[in-house]
Amino acid sequence: MSKKKKRAEEKKQLHPRIMISGYYGFDNLGDELILETLIQELKRHDFKITVLSANPRKTAERYGVDAIDRLSLLAIMDEMARCHLLISGGGGLFQDATGWGSVFYYGGIIHLARFFEVPVFFWGQGVGPLKSPLSRWFTARTLNYCHGITVRDEGSADLVASLTGERPEVTADPVWMLQIPGKASVRKRVKTWNVGISLRPWKTLSADRITRLARFFRHLTEDSDRPVRFYLLPFQDETDREPLSRFEAALKAEGLTNCKWASPDNIIEAVTKCHVLFGMRFHSLVLGMLARIPVYGLVYDPKVRQLLNSLNLRGSDITEIDALDEEAIREYFDRYLEPNLRVLQEKASLNVTRLLEIYHHDVENNLIVFGKDL
């Protein structure tokens, strides 16, 4: 057998081990959709996958992969010693808006990979905000080790460039790769006008603002020619249920009693039944657009504002709920132009393309040349 054929045969026999680090196992729908998208692509290439998860058993059963406790240092080190590539992402892992813990945990995993000489791909992430000088310094050191970086928006690219001196490739959030059938014809036949609502806990989403938001919806829907139903969409049930329950009570106080809760397992189906969607959660807006329904952002984080601005869509800051104008928003929905998502979907697929390029360049050749134990 020629050397070329022997090398090709060796490549076919490789089953590299890939570790995935992210906000997984917390029942946050947006992050779970990111993980599902990534695993589907990796399985096409016969990779052996291990996910760091807050609920390893559930993650393993749901996706058909190996999973280990994200806080078990010994288990992580044992797997890292056998690992050929670490994928950090997607989602918004490197931010300190909720404290320093996220930056140092995910950065720590990357530095552990560095210790074990494992290449790292920084996969389709949103970066920031990073308000603390310490967070910025540590993130810069972490990014400088990564063998490849893709980010999901221009704001993240600007921040990474300011930290590392090099601008990364801007792709798009991996969830744009999901195929969600739009059901416009079905929505036209239903007897109710369905309004989707995504809320999450946030320091500026006070009880008074929730009350004012419910009052706004009474004014917005009072002239509807059909009964109005509100779909309550908890993207992370453990956290989102509390503000949504308060919102439901505020709606009922305004005489709007027709509310239907989506469960974590049927949120996508519930979104497809909505005629419009008001969303705080980043991925609530993404799913709404994928389902081809008009969306309006309730902005709590720069990533939500960046998403809306990139597609010429509207939203209001949570602190500006008092100023919501039902007439202006009716006009916005009447004139709503469905955004062209083709470019975003193509950019999202580049996350996988670049990942495979890093694998072929920094992993596969080393396995063949140096015979790393599989």
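Find all pairs meeting these conditions: Cβ atoms under 6 angstrom apart; at least six residues apart or on different chains; first residue within the stretch 357-370 and acidic (Asp, Glu) and part of a helix (DSSP H, G or I); second residue at pLDDT 65 or above and open to solvent by 70 Å² or more (accessible area, probe 1.4 Å). Final answer for the pair search is 362/147. So in the stretch 322-345, with the set limited to residues that are loosely packed, with under 14 Cβ neighbours inside 10 Å and among the aliphatic types (A, V, I, L, M), which one is nearest to residue 214 (Cα to Cα)? Only one residue tops the list, namely 323.
Scanning the stretch 177-195 for residues that are in a helix (DSSP H, G or I) and either modelled with pLDDT of 95 or more or loosely packed, with under 14 Cβ neighbours inside 10 Å (or both) yields a total of 5. Scanning the stretch 18-55 for residues that are in contact with a Ser or Thr (Cβ under 7 Å, 6 or more places away or on another chain) and open to solvent by 10 Å² or more (accessible area, probe 1.4 Å) gives a single hit, 25.
Quickly run through the stretch 78-137 and pick out the residues that are surrounded by fewer than 21 Cβ atoms within 10 Å (Cβ to Cβ), outside any helix (DSSP H, G or I) and without any contact (Cβ under 8 Å) to a residue 40 or more places away in the chain. Matches in the stretch 78-137: 96, 98, 99, 100, 116, 117, 131, 132. Here the condition is being among the charged types (D, E, K, R) and within 22 Å of residue 135 (Cβ to Cβ); of 70, 44, it holds for 70 alone.
Take the conditions without any contact (Cβ under 8 Å) to a residue 40 or more places away in the chain, at negative phi, open to solvent by 30 Å² or more (accessible area, probe 1.4 Å) and among the basic types (Lys, Arg) and apply them to residue 229. Does it pass? Yes; evaluated as a whole, the condition is true for this residue.
One line per residue, one yes/no per condition, for (1) of a type in the set (Lys, Arg); (2) open to solvent by less than 10 Å² (accessible area, probe 1.4 Å); (3) assigned to a loop (DSSP other than H, G, I, E, B):
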residue	(1), (2), (3)
211	no, no, no
224	no, no, yes
246	yes, no, no
250	no, no, no
255	no, no, yes
270	no, yes, no
285	no, yes, no
293	no, yes, yes
298	no, yes, no
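The values are calculated or read from the model by the stated rules, or taken from the named source; none is laboratory data. Just so you know, these numbers come straight off a predicted model, no measurement behind them. FYI the Cβ positions are ideal-geometry reconstructions off the backbone, even for glycines, and counts take in every protein chain you see. To get the accessible areas, we keep the full protein, side chains included, count just its heavy atoms, and leave off ligands, DNA and RNA. Shrake-Rupley method; radii C 1.70, N 1.55, O 1.52, S 1.80 Å.
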